[in-house]
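Inspection log for the structure reproduced underneath, given as C-alpha cells.
A short reminder: the numbers here are calculations on the coordinates, not readings from a lab. Just so we're clear, the structure is a prediction, and the values are computed from it rather than from any experiment. Cβ coordinates were reconstructed from backbone atoms using ideal geometry, including for glycine residues, and neighbour counts include every protein chain displayed.
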Amino acid sequence: MHQRAYYSPMMDIVNMPKPETFTTSEGYYQTLFHELTHSTGHKSRLDRAELTAGEGKQSTSYAREELIAEMGASFLSAAAGIATEQTEQNAVAYIQNWLDLLKNDKKLVVQAASKAQRAAEMILGHTEEPEDEEQPPTATERPAAELAAPELDDTDREFMAAEKSWLAE
C-alpha cells in the first residue's frame, strides 16, 4: 500500500497513510472520511455514477464526486465532533476548487449535498427501512443455525490477518 490516501473502486479498498504523517489528527480523520465517502459510491452500495464514470480528473463527473466526498467528510467530521476552524477552512477551499470547475452550478451543489448526506448516513449506520417492507427477524427470532458466523474465503482471511497486524502495531 502506498503512503497516500485514495479509494480504489476496482479493488473496493480505502488506503490511508499512517496517522503520524498528518500534521493533525483532525486532518487525518477528515481525509479518512473523504475516502470513506468515496467508498459508498461503489456499485454494491449507493452505486454513484460519478464514481464509476472513469472520465478523468478534469471531467465534470470527477468534480461532482470530489464535491460529494468533501461534503460527506465535512458531515462526518461534524458528527464526530472534530470539525475545527482549520478543517472547515480546508474543506471550504477544496469545495470551492471543484465548484469553480463546475461553474458554480447551484443545482449540482444541492444534488452533491444530498448524495453526501446519504453517504454519511450509510457510514454512520443510519439507514432508513422502507415502511411497507416486512422487517427481517431479530436475532432472538432467528434459528441458531442462521446466527452462525459466515464462512471466510482466502481474501477475507488475508484482510483479517492484515487488520490484526495493523491493530497490533
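Between region 75-101 and region 1-52, the alpha-carbon centres lie 15 Å apart.
Between THR52 and LEU124, the simple spin-label model (points 7 angstrom out along Cα→Cβ) gives 2.7 nm.
Please say if region 6-129 is rounded, prolate or oblate, where rounded means a/c under 1.5 for a ≥ b ≥ c the square roots of the C-alpha gyration tensor eigenvalues, and otherwise the choice is prolate for a/b larger than b/c and oblate otherwise? In terms of gyration-tensor shape, rounded. Each residue of region 66-83 was assigned a 3J(HN,Hα) from its phi angle through the Karplus curve 6.51 cos²θ - 1.76 cosθ + 1.60 (θ = phi - 60°); the sequence is 5, 5, 4, 5, 6, 5, x, 4, 5, 4, 5, 4, 5, 5, 7, x, 10, 6 Hz, with glycine and proline shown as x. Net charge near ARG48, counting Lys/Arg +1 and Asp/Glu -1 over other residues with Cβ under 15 Å of its Cβ? Charge balance near ARG48 sits at -4. Here the label points at THR23 and ARG45, each 7 Å from Cα along the C-beta direction, are separated by 2.8 nm in the simple model. Between GLN117 and MET10, the distance separating the two model label sites (each 7 Å from Cα on the Cα→Cβ line) works out to 3.5 nm.
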